[in-house]
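Student: Take a look at the following structure, please.
The values are calculated or read from the model by the stated rules, or taken from the named source; none is laboratory data. Because the structure is predicted, anything quoted here is derived from the model rather than measured. So basically every Cβ, Gly included, is an ideal-geometry build from the backbone, and we count neighbours across all protein chains shown. These accessible areas exclude ligands, DNA and RNA; they are computed on the full protein's heavy atoms, side chains included. Shrake-Rupley method; radii C 1.70, N 1.55, O 1.52, S 1.80 Å.
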Amino acid sequence: MSEGRGAPPTDREQVERANTDFYEAMERGDLEALSALWLGEGDDGADGAEDVTPSCVHPGWPLLTGRGEVLRSYALIMANTEYIQFFLTDVTIAVAGRTALVTCTENILSGAPAEEGSELGPLVGQLVVATNVFRRADGGWKLWSHHASPVLAESDEDDEGPEEEPSS
């Protein structure tokens with residue numbers, strides 16, 4: 001990033017930072033920080049005529065629309081996740097005017113609540129592809145939409161081909 005050289009950060013660098021801040025807020029379980037990253041009232045642009053209603057699709061969930069519904073979903077996830085860590089790969093960033101698109105693979109390691117008599121819950125790994133859409137607002141780049149879909153792993157049976165019929 002050029003921030004250390006004294007030059008102001010580019011739009012791409014600002015979007016990259018906002019995207020990183022999003023995942024770090026999730027890892028910390030910081031709903032306040034996460035809320036500050038989403039578009040809110042007054043973030044609809046200079047003329048106020050554009051529809052910038054936030055939306056979100058978590059893996060296996062229906063479409064969530066509206067800031068309140070989106071933030072409630074994150075509160076629910078944070079309340080039911082003991083531990084979560086994101087390792088992002090395949091990150092691409094494109095900026096076009098006041099809109100930016102980030103695609104990535106979320107390599108997620110999460111922990112479920114501990115079972116009775118256990119100190120820690122089981123750790124689970126998951127591979128998810130995500131698209132994060134950001135919108136430039138007065139307070140910087142804000143999340144407009146997050147869409148995440150699980151990557152379905154191929155089973156061993158898929159690699160073996162069809163079973164042969166026994167000969168008679």
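Student: Of the residues 122, 113, only one is modelled with pLDDT under 95, more than 15 Å from residue 89 (Cβ to Cβ), in contact with an Asp or Glu (Cβ under 7 Å, 6 or more places away or on another chain) and open to solvent by 50 Å² or more (accessible area, probe 1.4 Å); which?
Tutor: Of the residues listed, the single one that is modelled with pLDDT under 95, more than 15 Å from residue 89 (Cβ to Cβ), in contact with an Asp or Glu (Cβ under 7 Å, 6 or more places away or on another chain) and open to solvent by 50 Å² or more (accessible area, probe 1.4 Å) is 113.
Student: Continuing with this model, one more query. I'd like the full set of residues that are open to solvent by 70 Å² or more (accessible area, probe 1.4 Å) and at pLDDT below 95, limited to the range 54-97.
Tutor: 60, 79, 80, 82, 83, listed by residue number.
Student: Sticking with this structure for a sec: Step by step: first the residues of the range 5-34, then only those that are farther than 21 Å from residue 95 by Cβ and more than 13 Å from the chain's Cα centre (by Cα), then the one that is modelled with the lowest pLDDT. Which residue is that?
Tutor: Applying the filter and picking the extreme gives 6.
Student: Of everything in the range 140-167 that's open to solvent by less than 60 Å² (accessible area, probe 1.4 Å), under 31 Å from the mean Cα position of the chain (by Cα) and among the small types (Gly, Ala, Ser), which residue is modelled with the lowest pLDDT?
Tutor: 155
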